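Derivation of every value follows stated rules applied to the coordinates shown; laboratory data play no part. Everything numeric in this text was worked out from a predicted model, so none of it was measured. Cβ sites come from the backbone with ideal geometry, for glycine too, and all protein chains shown count toward neighbours.
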Amino acid sequence: MRKKIVAGNWKMNTLPAEGVELTKGVVAGRGEVCKCVDFIVCPPFTHLSTVAEALKGSDIALGAQNCAAEEKGAYTGEVAASMIAALGCKYVILGHSERRQYYGETSATLNKKMVQAYANNLTPIYCVGENLEEREAGKHFDVVKAQIEEVVYNLTAEQFKNLVIAYEPVWAIGTGKTATAEQAQEIHAYIRKVLASKFGAAADECAILYGGSCKPSNAAEIFAKEDVDGGLIGGAALKAEDFLAIGKGFEK
Ligand code: 13P
């Protein structure tokens, strides 16, 4: 049985105290959602320590939104994987389209970040996805295939067992435009096939999340699809009620 995961990517939102309030809200309502769903919150670096404190005693995991490609040293402004792990992170989002697009992250950089993540026992949530132009040109399959081959194929079989993939079509992120459940299923199944051609049956165990304008009103339909194992949630993760309601999407 694959894990069912609902992960919140807060991006660059909330002040530290607001992040703690949001976390408390999620912790307080968590009991209303099936234990079969794993929740993860990924606040900004500056909130990790206080959010970790607010999560104590709950089964909600902590993740970071990024980590440095290097281990440590003279890299002003960077945050090492060892630092986020020391604050209690179990997960790290890598390769989000916003990092690829605005910060020039390439597969070469992401390979280095993967090394750092695994060296610190973090589970990467590796993001893939095409932009609108690529979707309209029918290149979405090739784009995600390359993003997987150039990075995920470099993992060992052991590392692959500790990986979450998030498919996030760039045209659906923050736009209110969601992929249809059928579009999500089609590409999730394809991603699993690409993973299977390298890692065999282990690909059946890999959680593949959908991300892009996922909200309480559409989560159930998308999560009902066979190869969709949950969601990576942006905007709707900033309200405890909505974030939890997305988790309830698995019960419908
Ligand atoms: P939205 O849910 O705000 O569209 O963001 C999706 C996303 O990028 C999550 O990583």
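Is it the case that residue 98 is out of contact with any Asp or Glu (no Cβ under 8 Å at 6 or more places or on another chain), touching a residue at least 60 places away in the same chain (Cβ under 8 Å) and acidic (Asp, Glu)?
So residue 98 passes the test.
Suppose we filter segment 45-65 for residues that are at positive phi and in contact with an Asp or Glu (Cβ under 9 Å, 6 or more places away or on another chain); how many remain?
Here the count works out to 0.
In this structure, does residue 189 turn out to be surrounded by fewer than 18 Cβ atoms within 10 Å (Cβ to Cβ), over 18 Å from the mean Cα position of the chain (by Cα) and in a helix (DSSP H, G or I)?
For residue 189, the condition - surrounded by fewer than 18 Cβ atoms within 10 Å (Cβ to Cβ), over 18 Å from the mean Cα position of the chain (by Cα) and in a helix (DSSP H, G or I) - is not met.
From the list 154, 162, pick out the single residue that is surrounded by 14 or more Cβ atoms within 10 Å (Cβ to Cβ) and out of contact with any strand residue (DSSP E or B) (no Cβ under 9 Å at 6 or more places or on another chain).
The match here is 154.
If you take the residues in segment 191-244 that are away from the ligand (no atom under 16 Å from the Cβ) and basic (Lys, Arg), which one is nearest to residue 181 (Cα to Cα)?
So the residue we want is 225.
Could you check, for segment 104-126, whether at least one of its residues is in contact (Cβ under 8 Å) with a residue 24 or more places away in the chain, of a type in the set (A, V, I, L, M) and within 16 Å of the ligand (Cβ to nearest atom)?
Yes: one or more hits.
When you scan segment 97-114, how many residues do you find that are crowded, with 17+ Cβ neighbours inside 10 Å and farther than 12 Å from residue 148 by Cα?
Qualifying residue count, segment 97-114: 8.
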